[in-house]
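Engineer: Can you read through this structure? Questions will come right after.
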């Protein structure tokens with residue numbers, strides 16, 4: 001089982017700011033990779049009620065099942081590689097993939113047979129090392145809308161926040177309260 005604490009800072013961007021970052025870091029748009037995040041929950045939204053999220057990420061013909069749960073600082077992220085067949089069975093038939101995440105959810109009293117996919121978010125992403133972390137530039141499309149986002153993933157929250165805010169300030173990008181992708185997706189889908 002692959003688990004780690006995810007500490008990241010996020011900021012929504014407008015299209016002009018997104019292009020500014022591409023120019024600033026001299027990013028070739030051809031270097032972006034495309035991924036699809038398929039989000040799952042139960043009909044009663046048991047994960048959402050627990051501030052948790054479950055997704056299957058499809059990237060470069062590889063599939064990864066990820067469970068995100070609240071932690072003291074950041075999120076506890078549990079990742080599990082799955083086969084294309086297991087991903088298709090989960091997406092199309094609700095057959096939960098065997099493994100560590102199934103055991104975690106079952107131990108938490110959640111019925112794995114109750115899960116279904118409630119939507120997909122497409123992201124074009126470019127990521128690269130920046131100072132003490134990983135800088136991520138995303139363009140996401142979902143439910144007939146799109147957004148642009150800058151993320152900074154770090155291991156030290158205090159230093160990471162200072163670096164992130166310094167970068168935003170140097171480029172005159174205002175800091176914006178930014179929810180994570182699954183929350184934005186929920187808000188768009190269920191208007192809450």
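Engineer: Report, by residue number, each residue of the range 170-192 that is closer than 16 Å to residue 130 by Cα and in a helix (DSSP H, G or I).
Structural biologist: The one that is closer than 16 Å to residue 130 by Cα and in a helix (DSSP H, G or I): 170.
Engineer: Restricting to the range 170-186, name every residue that is crowded, with 17+ Cβ neighbours inside 10 Å and either closer than 23 Å to residue 55 by Cα or modelled with pLDDT under 95 (or both).
Structural biologist: 178, 181, 182, 184, 185, 186
Engineer: Sticking with this one: Tally time: how many residues in the range 61-82 are closer than 25 Å to residue 124 by Cβ, in contact with a strand residue (DSSP E or B) (Cβ under 7 Å, 6 or more places away or on another chain) and not in a strand (DSSP E or B)?
Structural biologist: 1
Engineer: With the condition kept exactly as written, say whether any residue in the range 41-54 is closer than 30 Å to residue 169 by Cα and at pLDDT below 95.
Structural biologist: Within the range 41-54, not a single residue is closer than 30 Å to residue 169 by Cα and at pLDDT below 95.
Engineer: Would you check which residues across the range 50-60 are at negative phi and part of a loop (DSSP other than H, G, I, E, B) and list them?
Structural biologist: 50, 52
Engineer: I would also like to ask the following. So, in the range 20-43, of the ones that are part of a loop (DSSP other than H, G, I, E, B) and touching a residue at least 40 places away in the same chain (Cβ under 8 Å), which residue ends up surrounded by the fewest Cβ atoms within 10 Å (Cβ to Cβ)?
Structural biologist: Checking each candidate, the answer is 43.
Engineer: Going residue by residue through the range 119-133, is there one that turns out to be assigned to a strand (DSSP E or B), farther than 23 Å from residue 155 by Cβ, touching a strand residue (DSSP E or B) at 6+ places or on another chain (Cβ under 7 Å) and modelled with pLDDT under 95?
Structural biologist: Yes: the range 119-133 contains one or more residues that are assigned to a strand (DSSP E or B), farther than 23 Å from residue 155 by Cβ, touching a strand residue (DSSP E or B) at 6+ places or on another chain (Cβ under 7 Å) and modelled with pLDDT under 95.
Engineer: Right, something else. Is it the case that the range 112-121 has a residue that's within 16 Å of residue 7 (Cβ to Cβ) and within 19 Å of the chain's Cα centre (by Cα)?
Structural biologist: So far as the range 112-121 goes, no, none of its residues is within 16 Å of residue 7 (Cβ to Cβ) and within 19 Å of the chain's Cα centre (by Cα).
The values are calculated or read from the model by the stated rules, or taken from the named source; none is laboratory data. Just so it is clear, the structure is predicted and the values come from calculations on it, not from any experiment. Positions of Cβ are backbone-derived with ideal geometry, glycine not excepted, and every protein chain shown enters the neighbour counts.
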